[in-house]
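So the structure is just underneath, and the comments pick up after that.
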């Protein structure tokens, strides 16, 4: 797959995801056009994406280990860069990370 085909595929999946989020009960609702703000956000996310980026499932499987590293002041982002990258990109997984970190820090104090 060429680079431009990958970009087109990413945009089409992005539009589909945006459509599903805004109209979950309407299966074939029209996709709203990308405005400049959404386009900039998408391009920043594309720039941040690592070649072997983790899915939510892959990041979640390592999340407890990553949280323990962060809590013990180990250099988690250097030891587990793909988990760090996923957390930077995925607000749902980042929320889960922050909750787990808070629980661990609260239990230790």
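Where a number appears in this text, it was derived from the coordinates with a stated rule and is not lab data. In this text, all values refer to a predicted model and were calculated from it rather than measured experimentally. We place every Cβ from the backbone using ideal geometry, glycine too, and count neighbours over all the protein chains shown.
Based on alpha carbons, the Rg and Dmax found for the range 56-108 are 10.2, 28 Å. The ranking of 98, 57 from fewest to most other beta carbons within 10 Å of each one's beta carbon is 57, 98.
Would you mind computing, in nm to one decimal, how far apart the modelled labels at residue 39 and residue 64 are, each placed 7 Å from Cα along Cα→Cβ? Here the modelled spin labels are 4.5 nm apart.
Of 64, 88, 35, the sequence from fewest to most neighbouring Cβ atoms within 10 angstrom is 35, 64, 88.
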